[in-house]
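Student: Below are the structure tokens for one structure; questions will follow.
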There are 2 protein chains.
Amino acid sequence: MKNQIVIILVVLLLNGGFCSAQSQSKIIEDFKPSTLNQPGKEYPQVNSQGYARFRIEAPAAQSVSVSLGLGGKGGTILTKAEDGSWMGTTDGPLDEGFHYYHLTVDSGTFNDPGALNFYGSVRWESGIEIPAHDQDFYSLKDVPHGKIEQILFPSKSTNTSRRAFVYIPPGYDNDQAKNYPVLYLQHGWGEDETAWSNQGHANLVMDNLIAEGKTKPFIIVMTYGMTNEVRWGHLNEFKIEDFQTVLVEELIPYIDANFRTIADQSHRAMAGLSMGGMETRMITLNKPEVFSHYALLSGGVYKPVDNIDRSKVKLIFLSCGSRENPDGVKNAVVSLKEAGYNAVSYVSENTAHEFLTWRRSLHELAPLLFKD
Amino acid sequence: MKNQIVIILVVLLLNGGFCSAQSQSKIIEDFKPSTLNQPGKEYPQVNSQGYARFRIEAPAAQSVSVSLGLGGKGGTILTKAEDGSWMGTTDGPLDEGFHYYHLTVDSGTFNDPGALNFYGSVRWESGIEIPAHDQDFYSLKDVPHGKIEQILFPSKSTNTSRRAFVYIPPGYDNDQAKNYPVLYLQHGWGEDETAWSNQGHANLVMDNLIAEGKTKPFIIVMTYGMTNEVRWGHLNEFKIEDFQTVLVEELIPYIDANFRTIADQSHRAMAGLSMGGMETRMITLNKPEVFSHYALLSGGVYKPVDNIDRSKVKLIFLSCGSRENPDGVKNAVVSLKEAGYNAVSYVSENTAHEFLTWRRSLHELAPLLFKD
């Protein structure tokens, strides 16, 4: 277990989300505002090669840098332009997809006033989007759209009302006789229950898959999984019991009482990214009578010796980015299959421990869920 | 019309949200983290008198200030402490309730890394909450909670899917035979469809009122009302037609098709704060066959000469803060009543053009809606 956590940490530390294999080439001057900018903001910008360019107004500052840039160089140092603004371009293309970042202005940590904010690293960080060649599958298209509902569910164990977001597939309101399976989907360390919608576009991934007839419609429930305060680097001190109680004894009964679910083990899945994968693994092994489909996205692996209840598990899905630990994921799936489990691996090409890996993983996972 | 806009502007400019009548008194050292801080953040803090204290880490900065502080002094200038952080306290108590603010760090505009962000002034700003003596009515309590649904509705006129948030009262899913009236509720200039939930706590105001049996349950729909780009100070150039088309021809039919509404004029209300009040006034006068209950919150007034369709209007509600233009609101309601309208005024004590005025206004308005 500890080894698994260490692997996650090492993989994450080695991958800053940057395509370090590519050498610096001539920068094409076709920069456009990032799609994650605040309304009307011109910067940050992204070009067709995946370079990011930043512009910060702080005429009296002594130094401004951006946390994004090629690994080991401490990000991108901006230089002062004639108009008093600070500008700079990453010294290489970034991976396609979503990246968190922040500014350092005269030794202080701030967000980019041009960018939208996303909860990661236990704070609201700036976000930038490098258009992916396969972005169509999570784009906002003219298809029937599901809803995302914010619910507040009572939690006796933590003595408060807790928040969750619930994705409801299109068509849910049209047939009151139809009930749906449910996927419980967890965020990573330092993130919260907003991550899968905001950074992951889980709703758009599902809307598009459903419109193409590629997946059965199902409900997705996303709630906050850090009921213990866990510092980064101390995940091995994580205790699952508190969150397991919230999820299994409080949230699931609330969802089954308030939504038209198929409220049995065979129609209930759990998945999570990074730390959420670790939580998924712990809870599904502890509670085989609750979930039948398990998925770890950049969140370690199951092994046949893990005492997985053979009679109850219908699917084990393991994924990661090609710049993480793809062999670990693939080998684990080979072992699981040899041991008779229905196991599937997926490796996201040219991505690391980052959201494009997880958007793609959800896109691969959804069609495999609740097939009978 | 132009005069009305000028009044709104003047009132807003004269009121920075500060209780300028109070002289500086001894500051009580009982500061606590603001309830709107990011998880685990100690600053900004607020004391029992309503003073706010800020702490920013930027050891190499030359100057750091905060936009909140007594009027005319340019906010609060922070001073460098021995540990390299910048600290400062407002030179007077702030009004109770919610305030937007930002930092100026070496001439650059940034948000406070300790605070949550809220969309206002056409950007995501930092927010701070001064606990109000009457905060119980918008607090998260152990009562049945409604849901907030994020929907994406098709808009041919703007050629995109547009976002709205829909408050669904508790109990909605329990009786499929019950239909509900609808309030269309608009944000102010520079804000967006997130404002009434995030800054306004509209869902909690409603949950609490419904739990106490003080209002009929109804649906609230909140969408983005700035379909034209309007610069502040140029509201008189605002054209209502674009948003009116989105609201009346696209959103309302979508809501009536996808939620269990009572889809007629007498069960449909429109309200808005500030610019949203101006929009409400324009659209309700243009479309008396669509709405029956009208409310302007710090958003100007109706007068009997405005050609309000006497046969169709069931309620006109006008409100503002006591530090805005209370006489204007009260006098308008007297005139409307003399002319035979069911008009109600509400003045929020000791508040200005700010969210506590609007939380309280919604709390007063809701019980008056859809009474028959």
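The values are calculated or read from the model by the stated rules, or taken from the named source; none is laboratory data. Quick caveat, the model's predicted, so the values are computed rather than measured. As a convention, Cβ positions derive from the backbone with ideal geometry for all residues, glycine included, and neighbour counts pool all protein chains shown. When the accessible area is computed, the model is the full protein with side chains, heavy atoms only, and any ligands, DNA or RNA have been set aside. Shrake-Rupley method; radii C 1.70, N 1.55, O 1.52, S 1.80 Å.
Student: Report whether or not B:Asp192 is over 16 Å from B:Lys216 (Cα atoms) and open to solvent by 30 Å² or more (accessible area, probe 1.4 Å). Give the derivation first.
Tutor: Working: over 16 Å from B:Lys216 (Cα atoms): yes; open to solvent by 30 Å² or more (accessible area, probe 1.4 Å): no.
Criteria not met by B:Asp192.
Student: Give the residue that is surrounded by the most Cβ atoms within 10 Å (Cβ to Cβ), with candidates limited to residues of region B:87-109 that are within 24 Å of A:Asp106 (Cα to Cα) and out of contact with any Asp or Glu (no Cβ under 8 Å at 6 or more places or on another chain).
Tutor: The selected residue is B:Thr90.
Student: Scan region A:110-133 for residues that are β-branched (Val, Ile, Thr) and either surrounded by fewer than 20 Cβ atoms within 10 Å (Cβ to Cβ) or within 11 Å of another protein chain (Cβ to nearest Cβ) (or both) and jot them down.
Tutor: Taking region A:110-133 as the starting set, the residues that turn out to be β-branched (Val, Ile, Thr) are A:122, A:128, A:130.
Within region A:110-133, A:Val122 is the sole residue that qualifies.
Student: May I pose another question? Would you please name the residue that is farthest from A:Lys32 (Cα to Cα), looking only at residues in region A:47-67 that are within 12 Å of another protein chain (Cβ to nearest Cβ) and crowded, with 22+ Cβ neighbours inside 10 Å?
Tutor: A:Ala61
Student: Residues of region B:340-349 being open to solvent by 30 Å² or more (accessible area, probe 1.4 Å) and either among the small types (Gly, Ala, Ser) or outside any loop (DSSP other than H, G, I, E, B) (or both), which ones? Spell out how you get there, then give the answer.
Tutor: Restricting attention to region B:340-349, the residues satisfying the condition of being open to solvent by 30 Å² or more (accessible area, probe 1.4 Å) are B:340, B:342, B:344-346, B:349.
Listed by number, the residues that qualify are B:Gly340, B:Val344, B:Ser345, B:Tyr346.
Student: So B:Ser266 clears everything in (1) within 14 Å of the chain's Cα centre (by Cα); (2) of a type outside the set (A, V, I, L, M); (3) surrounded by fewer than 21 Cβ atoms within 10 Å (Cβ to Cβ) except one condition, right? Which one?
Tutor: (1)
Student: Please give the number of the condition B:Glu149 fails out of (1) open to solvent by 10 Å² or more (accessible area, probe 1.4 Å); (2) within 9 Å of chain A (Cβ to nearest Cβ); (3) assigned to a strand (DSSP E or B).
Tutor: (1)
Student: Determine which member of the set A:Lys330, A:Lys314, A:Lys337 is more than 30 Å from A:Gly50 (Cα to Cα) and surrounded by fewer than 18 Cβ atoms within 10 Å (Cβ to Cβ).
Tutor: Working: A:Lys330 fails: more than 30 Å from A:Gly50 (Cα to Cα); A:Lys314 fails: surrounded by fewer than 18 Cβ atoms within 10 Å (Cβ to Cβ).
Selected residue: A:Lys337, the only one of A:Lys330, A:Lys314, A:Lys337 that is more than 30 Å from A:Gly50 (Cα to Cα) and surrounded by fewer than 18 Cβ atoms within 10 Å (Cβ to Cβ).
Student: For region B:152-177, how many residues are within 13 Å of chain A (Cβ to nearest Cβ), open to solvent by 10 Å² or more (accessible area, probe 1.4 Å), touching a residue at least 12 places away in the same chain (Cβ under 8 Å) and not hydrophobic (A, V, I, L, M, F, W, C)?
Tutor: Final tally of qualifying residues: 9.
Yes/no per residue for (1) at pLDDT 95 or above; (2) in a loop (DSSP other than H, G, I, E, B); (3) of a type in the set (Lys, Arg):
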position	(1), (2), (3)
B:Pro59	no, yes, no
B:Gly69	no, yes, no
B:Lys73	no, yes, yes
B:Asp83	no, yes, no
B:Trp86	yes, no, no
B:His99	yes, no, no
B:Pro113	yes, yes, no
B:Phe118	yes, no, no
B:Glu129	yes, no, no
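Student: Here is a follow-up. Would you confirm, using the coordinates I've provided, whether A:Pro144 is surrounded by fewer than 17 Cβ atoms within 10 Å (Cβ to Cβ), in contact (Cβ under 8 Å) with a residue 12 or more places away in the chain and more than 8 Å from chain B (Cβ to nearest Cβ)? If you could, list the steps in order and put the result at the bottom.
Tutor: Values: surrounded by fewer than 17 Cβ atoms within 10 Å (Cβ to Cβ): yes; in contact (Cβ under 8 Å) with a residue 12 or more places away in the chain: yes; more than 8 Å from chain B (Cβ to nearest Cβ): yes.
Against the criterion (surrounded by fewer than 17 Cβ atoms within 10 Å (Cβ to Cβ), in contact (Cβ under 8 Å) with a residue 12 or more places away in the chain and more than 8 Å from chain B (Cβ to nearest Cβ)), A:Pro144 qualifies.
Student: Sort out which residues of region B:163-183 are under 22 Å from the mean Cα position of the chain (by Cα) and under 16 Å from B:Asn203 (Cα atoms), and write them in order of number. Break it down into steps so the answer makes sense when it comes.
Tutor: First, the residues of region B:163-183 that are under 22 Å from the mean Cα position of the chain (by Cα): B:163-169, B:181-183.
Hits for region B:163-183 are B:Ala164, B:Phe165, B:Val166, B:Tyr167, B:Ile168, B:Pro169, B:Pro181, B:Val182, B:Leu183.
Student: Let me ask you something else. Since B:Thr280 meets every condition but one in (1) within 15 Å of B:Ile220 (Cβ to Cβ); (2) of a type in the set (Ser, Thr, Tyr); (3) surrounded by fewer than 24 Cβ atoms within 10 Å (Cβ to Cβ), which condition does it not meet?
Tutor: Going through (1) within 15 Å of B:Ile220 (Cβ to Cβ); (2) of a type in the set (Ser, Thr, Tyr); (3) surrounded by fewer than 24 Cβ atoms within 10 Å (Cβ to Cβ) one by one, B:Thr280 breaks only (3).
Student: Since A:Asp136 meets every condition but one in (1) of a type in the set (D, E, K, R); (2) open to solvent by 30 Å² or more (accessible area, probe 1.4 Å); (3) more than 12 Å from chain B (Cβ to nearest Cβ); (4) part of a strand (DSSP E or B), which condition does it not meet?
Tutor: A:Asp136 satisfies all of (1) of a type in the set (D, E, K, R); (2) open to solvent by 30 Å² or more (accessible area, probe 1.4 Å); (3) more than 12 Å from chain B (Cβ to nearest Cβ); (4) part of a strand (DSSP E or B) except (4).
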